[in-house]
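Novice: Let me give you the structure first, and then I'll get to my questions.
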Amino acid sequence: MMKGLNSLTPKQTVAELDRYIIGQADAKRSVAIALRNRWRRQQVESPLREEIAPKNIIMIGPTGVGKTEIARRLAHLAQSPFLKVEASKFTEVGYVGRDVESMVRDLTQLAINMVTKEEEGGVQELAEMQAEERLLDLLLPRVPQRPASPPAPGDSAAVVSLGYDSDDSDASTHQRESGSTRERFRQMLRKGELNDRTVELDVASTQTGTPMVEVFSASGMEDMQNSLQDAFSKFFPKKKQSRKMKVPEALELLNKEEAERLVDNESITEKAVRRTEQSGIIFLDEIDKIASRGGAGSGSPEVSREGVQRDLLPIVEGATVTTKYGPVKTDHILFIASGAFHVCKPSDLVPELQGRFPIRVNLNALGEDEFFRILTEPQGALVKQYIALLATEDIRMVFDEEAIREMARIAVHFNQKTEDIGARRLHTIMERVLDEVSFDASEREDLAFTVTAEYVRKQLMDIADNEDLSRYIL
């Protein structure tokens with residue numbers, strides 16, 4: 001069972017990251033400390049707590065060495081809203097494109113989705129009960145209770161003495177029989193004996209009566225369209241349309257409807273905004289792409305790069321961003337930036353932005369030993385994935401250790417020979433090696449297959465010998 005944020009020490013965080021990511025001990029150590037400092041800050045009394053800012057991190061290293069994976073796994077461990085954005089996608093205010101504030105809006109939306117899922121999980125049992133009752137109403141409509149008929153003038157004594165008339169007795173008997181039938185239907189529904197039945201259900205139409213509003217404008221205006229759509233949706237309710245569907249599909253739809261009806265949307269918004277502000281993580285990839293490259297050159301591309309940094313600065317420092325769920329403060333959001341920094345260096349960033357990323361970690365390029373471990377050790381290792389995939393076709397695949405080492409050696413060779421894309425090269429190598437067996441798996445007579453080093457070399461021989469071809473294929 002995964003431990004919550006409150007009990008996760010730095011050593012435990014590193015141990016969890018080690019299950020998925022090979023090497024990069026320094027980076028794991030830095031993010032583990034940053035995560036623990038969040039918990040420590042929560043234990044500090046106000047007003048000092050508000051003064052403690054997160055220590056943002058810059059990861060420096062080539063592509064494919066685990067920068068994104070470390071941040072993503074960290075957010076999963078902390079159960080925090082996590083957003084990965086590419087810094088090169090943003091533009092300076094005044095240029096057409098996305099503005100930097102949009103990443104805070106996106107993070108808030110992710111938090112809303114996360115909290116909604118948690119809240120619906122808390123009412124799932126009640127939602128399932130109510131959905132079952134609604135489905136039984138469709139399968140076996142309830143019999144309305146007949147109002148008691150008034151006694152005749154001369155029968156008042158008889159009514160008093162007996163307590164009911166013959167019509168009441170018939171109705172009561174009918175209701176008991178109907179209740180008994182309903183319980184039989186309930187048991188049949190739970191056993192799946194009614195799965196082939198079809199029911200007619202009113203569902204929300206995909207085409208609503210809300211008028212379409214499109215905003216054609218510069219950056220910063222894409223959120224206006226969403227806000228206008230939300231505002232109009234309150235005045236134009238969703239249309240309903242009747243659909244016929246099987247019982248399991250209807251039950252799933254009713255479960256969802258009941259869960260949405262039972263949760264408190266106002267409470268969800270409040271919790272999501274608080275979670276975004278206190279535990280949100282934004283991963284800024286390719287931050288080196290917006291550096292000024294030593295200040296050399298001029299023109300709009302360089303100006304735009306520095307302009308994005310200037311726009312990014314107040315968000316990282318701490319600002320209030322307006323979202324459709326209310327204002328969101330960024331003072332305590334953890335920012336983890338990364339970049340290869342091949343043609344520039346972190347000092348090429350504007351000084352104010354450098355100061356907001358006090359922790360810098362170098363990630364090392366991966367070698368043959370690391371590739372071998374990546375292929376075999378992690379919980380979702382590539383070798384384990386392909387064995388499981390082909391097992392669905394009843395193929396019992398086995399990888400020789402020498403075959404795995406050969407794939408690791410070839411991956412390193414191609415990274416040095418062409419472009420160094422790190423561990424991503426392993427995906428391409430594996431696909432090329434298993435191309436034939438993956439294609440013929442459903443028709444193979446021999447269900448046992450062993451991947452040897454010789455087989456690996458054979459599959460990659462043509463590409464390895466042709467340097468021009470390898471640049472495009474591997």
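The values are calculated or read from the model by the stated rules, or taken from the named source; none is laboratory data. Bear in mind that the values here come from a model prediction, so they are computed numbers and not experimental data. Note that we place each Cβ from the backbone using ideal geometry, even for glycine, and neighbour counts take in every protein chain shown. Heads up: the accessible areas ignore ligands, DNA and RNA and are worked out on the full protein's heavy atoms, side chains in. Shrake-Rupley method; radii C 1.70, N 1.55, O 1.52, S 1.80 Å.
Novice: Once you place label points 7 Å from the Cα toward the Cβ at ARG184 and GLN278, how far apart are they in nm?
Specialist: Simple spin-label model gives 5.5 nm for this pair.
Novice: Can you tell me the length gained on complete extension of the stretch GLU86 to ASP400, counting 0.36 nm per residue apart and subtracting the Cα distance?
Specialist: Working: separation 314, 0.36 × 314 = 113.04 nm, distance 3.90 nm.
Taking GLU86 through ASP400 to full extension adds about 109.1 nm, to one decimal.
Novice: Hey, another quick one. How big is the range 291-447 by the Kirkwood estimate over distinct Cα pairs, in Å? Write out the running numbers ahead of the final one.
Specialist: Working: mean 1/r = 0.0500 Å⁻¹.
With all distinct Cα pairs of the range 291-447 included, I get 20.0 Å.
Novice: Determine the dipole magnitude for the range 377-461: charges of +1 sit on the beta-carbon of Lys and Arg, -1 on that of Asp and Glu, nothing else is charged, the reference point is the Cα centre, and the result goes in debye to the nearest 20.
Specialist: In total the dipole reaches around 420 debye.
Novice: For ARG134, ARG396, ARG425, ARG73, give the ranking by accessible area with the largest first, probe 1.4 Å.
Specialist: If we order ARG134, ARG396, ARG425, ARG73 from most to least accessible, we get ARG396, ARG134, ARG73, ARG425.
Novice: Which residues among the range 39-82 fall inside the zone where the amide N is under 17 Å from a point 7 Å beyond the Cα of ASN364, along Cα→Cβ?
Specialist: Counting only backbone N, you get 60-67.
Novice: Round to the nearest 0.05 the FRET efficiency obtained for ASN113 and GLU50 when R0 = 30 Å and r is the Cβ-Cβ distance.
Specialist: 0.60
Novice: Beyond 24 Å between alpha-carbons counts as too far, so tell me which of LYS84/LYS271; LYS89/LYS384; LYS11/LYS329; LYS191/LYS244 fall in that bin. Can you show the working numbers first?
Specialist: Values: LYS84/LYS271 22 Å; LYS89/LYS384 35 Å; LYS11/LYS329 30 Å; LYS191/LYS244 22 Å.
From LYS84/LYS271; LYS89/LYS384; LYS11/LYS329; LYS191/LYS244, over 24 Å: LYS89/LYS384; LYS11/LYS329.
Novice: Still on this model: Pick out, from THR452, LEU349, GLY367, the residue whose Cα sits farthest towards the positive end of the charge dipole of the range 340-474, with +1 on the Cβ of Lys and Arg and -1 on the Cβ of Asp and Glu.
Specialist: LEU349
Novice: Extension gain GLU125-THR198, at 0.36 nm per residue separation less the Cα-Cα distance, in nm?
Specialist: Full extension from GLU125 to THR198 adds 23.9 nm.
Novice: Can you send over the solvent-accessible area of SER279, 1.4 Å probe, protein chains only, in Å² to the nearest 10?
Specialist: Only protein atoms counted, so the area is about 20 Å².
Novice: Now a separate question. Need one number: nm distance between label points at GLU352 and GLN385, each 7 Å from Cα along Cα→Cβ, rounded to one decimal.
Specialist: A separation of 4.2 nm, rounded to one decimal place.
Novice: Set the Förster distance to 60 Å, then compute FRET efficiency between SER442 and ARG310 from the Cβ-Cβ distance, nearest 0.05. Each step should come with its number before you reach the end.
Specialist: Working: r = 57 Å, r/R0 = 0.95.
That gives a FRET efficiency of 0.60.
Novice: Okay, next question. With a 10 Å radius around each residue's Cβ, average the other Cβ atoms per peptide and rank 357-367, 332-342, highest first.
Specialist: 332-342, 357-367
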